[in-house]
Amino acid sequence: MGDVFRVGNCSGFSGDRVDAAGPVVDTLIEMGGLCALFFETLGERTVALAQLEKRRDPTRGYEPMLERLLEPILVRCATHGIPIIGNFGAANPPGAAKVIARLAARLGLPDLKIGVVYGDDVRDRLNLETHAVYEADTGLDMGGGEVVSANAYISAKPIVEALKAGAQIVVTGRTGDPSLALAPLMHHFGWSEDDWEKLAVGATAGHLLECGAQITGGYYYDPGFKDIPDPANIGFPIAEVGADGSLVITKALRTGGLVNAQVVKEQLLYEIHDPRHYITPDVILDLSQVTVQEIGKDRVEIKGIKGGPAPTTIKATVCFDGGWLGEGEISYAGPNCRARARIAADVLLERLKIRKLDVQARVDLIGVSSVHDGDQGSQWRESLQEPEDIRVRLAVSARTQDDADQAAREALALYCCGPAGGGGVRWRTTPRIRTQSYLMLPSDLAPGCTIHTAKELAQ
């Protein structure tokens, strides 16, 4: 492979394991050579929820587990020259940078260089009347809700700029997920922005790694059919990329999980609609001729990756205020619990009508029918299954928090209003988000980066 650069992943979404990074960093240090680390913590709803949090508190809106993710590894990465890249800035990259700066100061790293990428927030640049709706989202009804956020999938370019400026940790908001891995490869190898074949390899590496333990057996694991070792200690992935465009996927040493041809194939096809035309902000991938080969224990080589010019449009996801979700739950157990749960469900729905609450509702009987049932509840009404316990869940969509709360509280009233034997009640309300994506021109965007020391930001 010649010159090899390793990229490790330590998170596949917001809510991933906070101790995943340690073994990855240990492995990168043990293997030696140049390398980088990235955290992928954003989904389209994650950004919107972060924007809601920022509206409540302008200092918030970043990954809530940021300090827990970074504290165990920040000193070691700085000491060993391992740059960290993460979209954990979410709706507030500058706010996240301040948190990192205070953490760095506390850990004795006042001179840590922090890059902050901007330009993904396009609320002031997006025109809902003139920008085209993304083809998959045409016909969606946003209900006239207020725009909460609008974030474009920006490319690897500003991350590369930050790394060139000496950033030891780079904080982004919404970027293309593969761009988080592609950027350090572009920086290290000096790949140009139109070297489509090399960019395709880097973007594929990012695509394979972006969901963390999915490619080390997490989502592959189906006990008795597709087993993996030590799932409680599953290791996170590492890509080895050569200057010649070679690509090998492996994982952290002395961890559970596995990397084999099958799990790589499954992740390779994840979210892929057209293998010949997979769009990222940096390059369009052609994966139709890819070959996957096991070359050792937990080592899989991917060949045949092709790339073409970057897309002429960039997707921007707009999140609208979707009102409120109200949830109420109660459990029934023991003899005749199915009949009691069905009556409870019917009573809940009837109570919403009696009180004339302005909500859309569904009821799930968890343990009988929930995931595969529809809003009409036809499956749980017809089921003859008699489980040992059932969890009744009422979910409502409402325009106001009060209607959502009043509906959810009807589950609480079942304590004494019956049927018999209900317990374990909970209820809550949460804001809802509706999303719709639009297409923007790259020229509509103005991404960039700023560089600061921890000492500067911590003041």
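The values are calculated or read from the model by the stated rules, or taken from the named source; none is laboratory data. Predicted, not measured: the structure shown is a model, and the values here were computed from it. Note that each Cβ is placed from the backbone with ideal geometry, even for glycine, and that neighbours are counted across all protein chains shown.
Results for (1) assigned by TED's automatic domain parsing to the domain that holds ALA97; (2) surrounded by fewer than 23 Cβ atoms within 10 Å (Cβ to Cβ); (3) in a loop (DSSP other than H, G, I, E, B); (4) without any contact (Cβ under 8 Å) to a residue 60 or more places away in the chain, shown as yes or no for each residue.
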| residue | (1), (2), (3), (4) |
| --- | --- |
| ALA183 | yes, no, no, no |
| GLU193 | yes, yes, yes, no |
| ALA205 | yes, no, no, no |
| ILE249 | yes, no, no, yes |
| ARG254 | yes, yes, yes, no |
Tally of residues being of a type outside the set (Val, Ile, Thr) and crowded, with 16+ Cβ neighbours inside 10 Å across segment 422-441: 10
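Within 26 Å of GLY322 (Cα to Cα), in the same structural domain as GLY190 (by TED's automatic domain parsing) and of a type in the set (A, V, I, L, M), is that true of LEU28? Please lay out each step first, then the result.
Working: within 26 Å of GLY322 (Cα to Cα): no; in the same structural domain as GLY190 (by TED's automatic domain parsing): yes; of a type in the set (A, V, I, L, M): yes.
It is false that LEU28 is within 26 Å of GLY322 (Cα to Cα), in the same structural domain as GLY190 (by TED's automatic domain parsing) and of a type in the set (A, V, I, L, M).
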Positions within segment 406-453 being under 27 Å from the mean Cα position of the chain (by Cα) and of a type in the set (A, V, I, L, M, F, W, C), in sequence order: TRP427, ILE433, LEU439, MET440, LEU441, LEU445, ALA446, CYS449, ILE451
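Could you pull out the residue among TYR332, TYR221 that is within 26 Å of the chain's Cα centre (by Cα), surrounded by 15 or more Cβ atoms within 10 Å (Cβ to Cβ) and among the aromatic types (Phe, Trp, Tyr)?
Numbers: TYR332 fails: within 26 Å of the chain's Cα centre (by Cα).
Among TYR332, TYR221, only TYR221 is within 26 Å of the chain's Cα centre (by Cα), surrounded by 15 or more Cβ atoms within 10 Å (Cβ to Cβ) and among the aromatic types (Phe, Trp, Tyr).
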Strands (runs of 3 or more DSSP E) completely within segment 280-351 that count 2 or more residues being closer than 24 Å to ARG432 by Cβ and in contact (Cβ under 8 Å) with a residue 12 or more places away in the chain: 314-333
Answer residue from segment 98-138, given it is part of a loop (DSSP other than H, G, I, E, B) and basic (Lys, Arg) and is surrounded by the most Cβ atoms within 10 Å (Cβ to Cβ) among those: ARG125
Filtered residue count, segment 162-181, keeping only those that are small (Gly, Ala, Ser), assigned to a loop (DSSP other than H, G, I, E, B) and within 23 Å of the chain's Cα centre (by Cα): 2
Failed item in (1) farther than 22 Å from ASP121 by Cα; (2) in contact with an Asp or Glu (Cβ under 7 Å, 6 or more places away or on another chain); (3) surrounded by fewer than 24 Cβ atoms within 10 Å (Cβ to Cβ), with ARG60 passing the rest: (1)
Residue list for segment 256-278, restricted to those being buried (at least 17 other Cβ atoms within 10 Å of the Cβ) and within 20 Å of SER179 (Cβ to Cβ): GLN267, LEU268, TYR278
Residue list for segment 402-420, restricted to those being under 21 Å from PHE320 (Cβ atoms) and surrounded by 15 or more Cβ atoms within 10 Å (Cβ to Cβ): ASP403, ALA404
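Which fully enclosed helices (runs of 4 or more DSSP H) of segment 23-87 have 1 or more residues being acidic (Asp, Glu) and within 24 Å of ARG434 (Cβ to Cβ)?
44-56
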